[in-house]
Amino acid sequence: MNAPESALPGATPATTDKLAKLGIRTQADLVLHLPLRYEDETRLTTIADLRPGVPAQVEAEIADASVQYRPRRQLVVRVQDDSGGELVLRFLNFYGSQVKQLAVGRRLRLFGEPRGGFLGDEMVHPRCRVVEAGEALPEAMTPIYPTTAGLSQLALRRLIDLTLKQADLAETLPDALRKQLRLADFADSVQLLHHPTPQTAAAELTGRTHPAWQRIKFDELLAQQLSLRRAHEARRAKNAPPLPARSSLTKKLLAALPFTLTAAQQRVWREISHDLGQSHPMQRLLQGDVGSGKTVVAALAMLQAVENGHQAVLMAPTEILAEQHFRKLTQWLAPLGLDIAWLSGSLKKKDKVAMAEAISSGRTRLAVGTHALIEEAVAFPKLGLAIIDEQHRFGVRQRLTLRGKGVNPHQLMMSATPIPRTLAMSYYADLDVSVIDELPPGRQPVLTKLASEARRDEVIARIRDACAQGRQAYWVCPLIEESEKLQLQTAVDTFERLRAELPGLKVGLVHGRLKGEEKARVMGDFAAGKVQLLVATTVIEVGVDVPNASLMVIEHAERFGLSQLHQLRGRIGRGADDSVCILLYAHPLGETARARLKIIFENTDGFEIARQDLHLRGPGEFLGSRQSGVPLLRFADLEADADLFEAARESAELLLKDYPDAADRHVERWLGGRRDLLKV
Ligand code: ADP
Ligand code: MG
């Protein structure tokens, strides 16, 4: 049913393209393209009974039709029905042929939303067509589908109706399971959802509590669980070089560190060390709040690869962060006699070639860098471990390419954007997860303050005082997502202005457009205390670690997302001083912006912030489908449908064990058109 060549009978190539935009590639996708809502064309309302704002269907005779030019060119049609009522129809876009069709005396069936107009009741752009008196009314509700430009409801409806007749709607669940879970039949459910009768309770349809909806949501969750489990099994069947703990290098690093690992770090390190020793590729997500100390764990893992004669790479999403990792790792590992290769886009050609050669000859065992590591033609002959920091910032494709550098290297992904448990179980079921749930001792909680823009002067005074006492501060520039050019301009303006407002203070500027060396110089000066106030764009959002900085101002905080605010704030509170984060906001505040500021003001725990963020935005936006690589749920809701989710998890296990064919058919139906994305 999902063979691509026979994919969509009845669809022209142009339509096929439009359907692809909607994520529809197979017949099954069409069957599962369910209505957003319905319109009731099963009955007629008399003009006399129309109520403003309530969509209704009317049948009436044309009394008059003319093109008028006031206030602008429009077709105005007056119709009357047997109730004696009169209604005005207005069409702003129309064809000449349409005008001809609307001859006086013809009967029209109209569907639209009436409103009170200057000349009595009117409908603007009603759906209408000429009918014969007594023409039968449909028996089912009219579905309204999500669609895209150039694909009309009518065309989509015809295609779906045709497919519902042709497609294989056979049951995929074993009878016993269906009965036990009291689930409705699949074919009945989709037929009903596409064409419910007017008697079907509207609330159950829109609230998606109807048994037919329950069935669809269950199926969707089941398909997701099945595909994730399959991916998990496929991974376990692959070979990776076993890199068991030999404790020669790792022990030396642990002994040389100026601190001891927290209990949480020790636990996750044990988990990772154990995985590395296996002969199938590790795929582990290391989660830990900002500042929880993930880097040292990464360093240990890299050493375990080297102990076994293999190579390890660490990739970071920004040059600043990669550079910082490079410095930190060099500081830790150079004393152990290890060389580290550094690779970034801004490196000179000659240096790049030399680095690539050192790596591909196998002489250099460790490499740190940005995505240049995967984009440049660098070969890693003995890659045993690939680590990706701040993994949520990378796209799926980039992660795949990196993995492709080694045969099947072990993979460690690190993230400070905590993924709430339900989401992790659903979308990351294929990953093993380690969590650092404890911060190193001696960290001071950051105090967060909200201040209206009007109090900017007070904030400036505060920075002056703090710096006079030897502290350092960040000033985060307003975010301008729409334009990189404007963003840059804003950063430069902010820098100039603050420099004028704070004479005598050493102010630095860092933004994404600076050259690599320039960026490194500013960051180095800030780390060394030579710059007191660092004006920055969100390039400092991830990873930057300067413990003496204890004050942060975020301008136009209302424009930032929650995880961004949390990450930014995580740059302070790293030293012994009390830290303060001031969120400057401008009026008027939208509802969501207000909710975000409230959450960040009230919470410091990254997991709690993520949980509320998920609630605010829904999983689709929270993860971004591009980044998760797993299909986002369209129908089921992890929070509201928690019980269905549990049932689907258990059923997935049962199906894979006892009914593998049914599992195949089920996954094919739901995900067959998305095969390429699922190989992640
Ligand atoms: P993140 O998890 O956000 O990447 P980092 O790895 O950058 O955090 O660690 C933040 C800071 O804490 C670094 O300066 C690091 O050296 C330090 N650190 C890490 N582990 C410990 C520990 N167990 N005790 C004290 N300091 C630590
Ligand atoms: Mg980090």
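Ligands, DNA and RNA aside, THR448 has an accessible area near 10 Å² when probed at 1.4 Å. Solvent exposure of ARG649, expressed as accessible area, is near 60 Å², computed with a probe of 1.4 Å over the protein chains only. Per-atom-type breakdown for the chain gives carbon and sulfur 51% of the accessible area (1.4 Å probe, protein chains only).
Restrict the search to segment 95-193; then list the GluC sites (Glu not before Pro) that DSSP places in a loop and that have at most 15 other Cβ atoms within 10 Å of their Cβ. Intermediate values should be presented prior to the final figure.
Values: sites: GLU122, GLU132, GLU135, GLU139, GLU171; in loops: GLU132, GLU135, GLU139, GLU171.
Qualifying residues, ordered by number: GLU132, GLU135, GLU139, GLU171.
Just how far, in whole angstrom, is segment 431-454 from segment 558-593 if you go by their alpha carbon centroids? The two parts, judged by their Cα centres, are 11 Å apart.
Per residue, how much accessible surface does the chain expose to a 1.4 Å probe? Answer in Å², no decimals. Walk me through the numbers before you get to the answer.
Working: 31130 Å² over 680 residues.
Heavy-atom SASA per residue in the chain reads 46 Å².
Short-range pairs are left out: with C-alpha atoms under 8 Å and at least six residues apart, the relative contact order of the chain is 13 percent.
Shape analysis of segment 43-137 yields a ratio of the Cα radius of gyration to the Kirkwood radius, Rg/Rh, of 0.93. Looking only at segment 59-102, which residues have a backbone nitrogen under 18 Å from a spot 7 Å from the Cα of LEU44 in the C-beta direction? Residues passing the 18 Å test: 59-64, 78-89. Taking 29 Å as the straight-line reach from the Cα of LYS382, the lysines in range (excluding those fewer than 8 positions away in the same chain) are LYS238, LYS251, LYS252, LYS294, LYS328, LYS348, LYS349, LYS350, LYS352, LYS405, LYS679.
Could you work out the helix-only [θ] at 222 nm for the chain, with each DSSP H run of four or more residues adding -39,500 (n - 2.57) and the total divided by the number of residues, to the nearest 500 deg cm²/dmol? Working shown, then result.
Numbers: 26 runs with 282 residues, N = 680.
Counting only the DSSP helices, I get -12500 deg cm²/dmol.
What percent antiparallel are the DSSP beta bridges of the chain, to the nearest 5? Let's see the in-between values first.
Details: 29 of 83 bridges.
In the chain, DSSP labels about 35 percent of beta bridges as antiparallel.
Across all directions, the shadow cast by the convex hull of segment 446-603 built on its C-alpha atoms averages 8.7 square nanometres. The rule of thumb for compact globular proteins, 2.2 N^0.38 Å, goes into the C-alpha radius of gyration of the chain 1.18 times. Sparse packing (at most 13 other Cβ atoms within 10 Å of the Cβ) combined with a DSSP loop state is found for the following GluC sites (Glu not before Pro) in segment 470-576: GLU481, GLU482.
The values are calculated or read from the model by the stated rules, or taken from the named source; none is laboratory data. Note that this is a predicted model, so its numbers are computed, not measured. As a convention, Cβ positions derive from the backbone with ideal geometry for all residues, glycine included, and neighbour counts pool all protein chains shown. These area figures cover heavy atoms from the full protein model, side chains too; ligands, DNA and RNA do not enter into them. Shrake-Rupley method; radii C 1.70, N 1.55, O 1.52, S 1.80 Å.
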